[in-house]
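A.B. asks: One structure, as structure tokens, below. Some questions next.
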Amino acid sequence: MIRRPGHSVNAAAHPAETAAMPVVVGLDLELAAANVARFGGDERRFDSSLRAGLRAPGSLPSETQAVQDLAAVAAWRAGVIGLRTDALRALGSCLDHGLADAVAAVLGMPPTSVAEFAEAQRTDRFFWPAWRGLGRAYLIARIGGFTGLGGPWLAHPGEVIPAGEGRWLVEVGEELWEVTADLFGHSVSLAGDDAASDDTDTPGVRVVSIPTSYLLEVVREAA
């Protein structure tokens with residue numbers, strides 16, 4: 001079986017949606033879904049996650065800001081790592097407005113876990129409540145891949161250099177690539193001429209190059 005890039009938190013299939021996105025005054029959710037795909041996220045996951053949030057028990061405030069905040073969380077959940085900071089702010093705003101059930105539905109977790117998740121994510125970008133206390137190493141994500149299979153690399157990835165919180169530099173042939181990752185998503189791009197490692201590791205997490213694969217593996221070490 002050919003392995004593909006992906007995140008373990010997405011191992012469970014998400015439901016397919018065929019109906020049009022609900023109409024929310026002041027927001028174009030169809031355009032938002034298209035933008036999720038444009039920025040590397042999973043449009044179908046965004047769609048199903050946001051719908052779940054909008055259908056959650058309890059009523060949403062009349063202003064569109066609450067839906068916009070849920071959409072930001074849904075886009076992050078769908079893998080748009082560039083929205084991580086905005087999504088965490090939006091998540092906090094939703095909790096402040098009593099929307100724990102809606103956020104839980106977007107994220108795919110029990111409402112009782114949302115506050116803990118929001119707090120832990122501020123210091124641990126790979127935290128997921130269901131994985132707490134596993135007591136063993138586990139796979140968080142696979143990243144990269146061979147160009148012929150849709151990945152970015154023609155050569156096998158070599159040395160992986162910690163370059164900051166959730167960030168690594170990877171030697172691929174004669175090129176240097178930058179990888180950024182968190183629980184839900186990742187980005188892979190050629191490193192700029194000024195790319196430098198600050199020698200800051202991500203506690204408890206390592207990114208390894210596998211001899212038999214062009215994919216990198218993001219692994220949480222055993223506690």
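A.B. asks: I'd like to check something: does the stretch 124-131 contain any residue that is at pLDDT 95 or above and in contact with a strand residue (DSSP E or B) (Cβ under 6 Å, 6 or more places away or on another chain)?
C.D. replies: Checked the stretch 124-131: at least one residue is at pLDDT 95 or above and in contact with a strand residue (DSSP E or B) (Cβ under 6 Å, 6 or more places away or on another chain).
A.B. asks: Please go through the stretch 100-110 and pick out each residue that is among the aliphatic types (A, V, I, L, M), open to solvent by 10 Å² or more (accessible area, probe 1.4 Å) and over 17 Å from the mean Cα position of the chain (by Cα). Don't jump to the end; show me each part of the working.
C.D. replies: To start, the set of residues in the stretch 100-110 that are among the aliphatic types (A, V, I, L, M) comprises 100, 102-107, 109.
Now narrow it down to the ones that are open to solvent by 10 Å² or more (accessible area, probe 1.4 Å): 100, 105, 109.
Result: A100, single match.
A.B. asks: Taking the residues in the stretch 169-208 that are modelled with pLDDT under 85 and small (G, A, S) as candidates, determine which candidate is surrounded by the most Cβ atoms within 10 Å (Cβ to Cβ).
C.D. replies: A195
A.B. asks: Now for a separate question. Failed condition for A90, given (1) part of a helix (DSSP H, G or I); (2) open to solvent by 10 Å² or more (accessible area, probe 1.4 Å), with all others met?
C.D. replies: All conditions pass for A90, except number (2).
To keep it simple, each residue is scored yes or no on (1) touching a residue at least 60 places away in the same chain (Cβ under 8 Å); (2) part of a helix (DSSP H, G or I); (3) touching a Pro at 6+ places or on another chain (Cβ under 6 Å); (4) on the phi > 0 side of the Ramachandran plot.
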| position | (1), (2), (3), (4) |
| --- | --- |
| Q65 | no, yes, no, no |
| W76 | yes, yes, no, no |
| D86 | no, yes, no, no |
| A104 | no, yes, yes, no |
| S113 | no, yes, yes, no |
| T123 | no, no, no, no |
| G133 | yes, no, no, yes |
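A.B. asks: Let me ask something additional. Do we find that D28 is surrounded by fewer than 23 Cβ atoms within 10 Å (Cβ to Cβ), at pLDDT 95 or above and among the acidic types (D, E) in this structure?
C.D. replies: no
A.B. asks: Just a yes or no: is a residue in the stretch 78-89 hydrophobic (A, V, I, L, M, F, W, C), at pLDDT 90 or above and within 18 Å of A12 (Cβ to Cβ)?
C.D. replies: Yes, because at least one residue in the stretch 78-89 is hydrophobic (A, V, I, L, M, F, W, C), at pLDDT 90 or above and within 18 Å of A12 (Cβ to Cβ).
A.B. asks: In the stretch 143-158, is there at least one residue being modelled with pLDDT of 95 or more, out of contact with any helix residue (DSSP H, G or I) (no Cβ under 9 Å at 6 or more places or on another chain) and on the phi > 0 side of the Ramachandran plot?
C.D. replies: Checked against the condition, which is being modelled with pLDDT of 95 or more, out of contact with any helix residue (DSSP H, G or I) (no Cβ under 9 Å at 6 or more places or on another chain) and on the phi > 0 side of the Ramachandran plot, the stretch 143-158 yields at least one hit.
The values are calculated or read from the model by the stated rules, or taken from the named source; none is laboratory data. Keep in mind that this is a model prediction, so the values were computed, not measured. In this analysis, Cβ positions are derived from the backbone assuming ideal geometry, glycine residues included, and neighbour counts consider all displayed protein chains. Please note that ligands, DNA and RNA were not included when accessible areas were found on the heavy atoms of the full protein model with its side chains. Shrake-Rupley method; radii C 1.70, N 1.55, O 1.52, S 1.80 Å.
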